[in-house]
Amino acid sequence: MDRYAALQLFLRVVEDGSFAAAASHGGISRAQASKLIRALEDDLGVRLIQRTTRKLSLTEAGLQFHARVAEAMLALQEAAAEAAQRQTEPRGRLRVSAPTSFATRHLGDALTEFLRRHPRIELELDLSDQRADLVRDGFDMAIRIGHLADSSLVARRIAPARMMAVAAPSYLRTHGTPVHPQQLESHAGLLYTLTAHPGQWTFTHGGESVTVRLRGPLRAGNGDVLAGAALRGLGIAVQPTFIVGDAVRRGELQRILSDWELPDAAIYAVYPAGRAVPAKTRALIDFLAARYGDEPYWDEGLFAPVSARAVRGRAARARG
């Protein structure tokens, strides 16, 4: 017995509700279809379909078997489509949503190189700090930063997004340099609004965890706006290193509370679940993951060297 053909026929019989219709779809006779299903039942040692003169119905074992077979067949189809796509040169229109600051600072050069490597791709990049609905808005993928909660998306981590508290030297000369997180409550906070708790920062040191609540002269939903305000001495900001790293290296911003850790986030490429990933989408995700990695160029010189074990620990914390 051709087990694969029998399983396909079984699914078709259930879908069509009759042996005759399923046989017609498969180009065989009704008698051949019935014989093939009977052989499948004999091979399994269980009755799958109850046959009467009026209708067909699944037995309890048949119901369970149908659910598992349907799921397995879908997985096989997706695997075959994925294998075929891997042999196809990436091509076509690729729509990507990305947060503004990360895209303007780090995606421009990367995407230029990517398109040179894949000249048959036409890329459309939409910049927004609001999270797009990928399916509704027709995006192939998105770049997202932070902790992910949308289970309808598949996510691949492409880089860390390490956080640090920073202020301009001029601000610290005037207002003093905090040496403990609690002292931040008397300082001006520059607060990012696209978080669950915009005026709340949590620091850890050893086994101690301290959460502080701040007020300040500026709240904004864009990290570059807040970093610019910090550069001009308006207050203290907590920002990812991909935004403030260059200013810290140049001495224009100073890291404070360096003995304390802020929760690390991560940068993800996300795409809708439940479908084969097109070659164009996979090509971009692979390219960005290879370009950035666990120690991206924007972190160079900002942190003391860490062991491979520490890097894995950071990655685990970022994944939540």
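Points to keep in mind about this one:
- Its residue count N sets the reference 2.2 N^0.38 Å, and the alpha-carbon radius of gyration of segment 188-255 equals 1.12 times that reference.
- Convex hull volume of the C-alpha atoms in the chain, normalised per residue: 200 Å³.
- Å³ per residue enclosed by the Cα convex hull of segment 152-283: 132 Å³
- The calculated 222 nm mean residue ellipticity attributable to helices in the chain amounts to -12500 deg cm²/dmol, summing -39500 (n - 2.57) over DSSP H runs of n ≥ 4 and dividing by all residues.
- Counting only DSSP beta bridges whose two residues both lie in the chain, roughly 65 percent are antiparallel.
- Within the shell of other residues whose beta carbon sits under 10 angstrom from the beta carbon of residue 105, the net charge comes to -3, with Lys and Arg scored +1 and Asp and Glu -1.
- Computed magnitude of the charge dipole of segment 3-86 (debye, nearest 20; Cβ of K, R +1, Cβ of D, E -1): 380 debye
- Against the rule of thumb 2.2 N^0.38 Å, how large the Cα Rg of segment 1-41 comes out: 0.95
- Highest to lowest packing among 155-167, 121-133, scored as the average C-beta count within 10 Å: 155-167, 121-133
- Residues considered: 272, 119, 169. Largest GNM mean-square fluctuation over the chain, using C-alpha springs under 10 Å, is found at 119.
- Percent breakdown of C-alpha pair distances by 10 Å bin, ordered from the shortest bin, for segment 3-86: 17, 49, 26, 8, 1
- Cut-off under 5 Å, modelled amide H: who pairs with residue 253 long-range: 248
Bear in mind that the values in this text are calculations on the coordinates, not laboratory data. Since the structure is predicted, the reported quantities are computational estimates derived from the model, not experimental observations. Because the Cβ atoms are built from the backbone with ideal geometry, glycine has one as well, and the counts that use them run over all protein chains shown.
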